[in-house]
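Okay, so here's the structure we're looking at.
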Amino acid sequence: MHVLVEGRARLVPGLPGPATATIRMPLGTFTRLCGGRVSPERATVTVEGDQALGRQVVEALAYTI
């Protein structure tokens, strides 16, 4: 999945250039992070490129209502 941020983030089929940060993780890890069931520090996540940005995104994935 590619996300382009130009003012507001949106999904796009591809990026116009290299990604600033690439985050890789198993689907189960993504689901658990989004549900707040695992802390970002304990999750198996690989960040390539801008490490600070990638970590910031991972730390903000938890979303529960």
Hits in the stretch 47-64 (condition: closer than 11 Å to Ala21 by Cβ and either touching a strand residue (DSSP E or B) at 6+ places or on another chain (Cβ under 8 Å) or not polar (S, T, N, Q) (or both))
Val47, Glu48, Gly49, Asp50, Gln51, Ala52, Leu53, Gly54, Arg55, Val57, Val58
Surrounded by fewer than 12 Cβ atoms within 10 Å (Cβ to Cβ), free of Cβ contacts under 8 Å to residues at least 24 places away in the same chain and assigned to a strand (DSSP E or B) - does that describe any residue in the stretch 12-28?
no
Within the stretch 29-59, how many residues turn out to be touching a residue at least 12 places away in the same chain (Cβ under 8 Å), part of a helix (DSSP H, G or I) and of a type outside the set (D, E, K, R)?
9
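Throughout, read-outs are computed from the coordinates displayed, never taken from laboratory work. Here the structure is a predicted model, which means the values were calculated and not measured. Quick reminder, even Gly has a Cβ in these numbers, built from the backbone with ideal geometry, and neighbours come from all protein chains shown.
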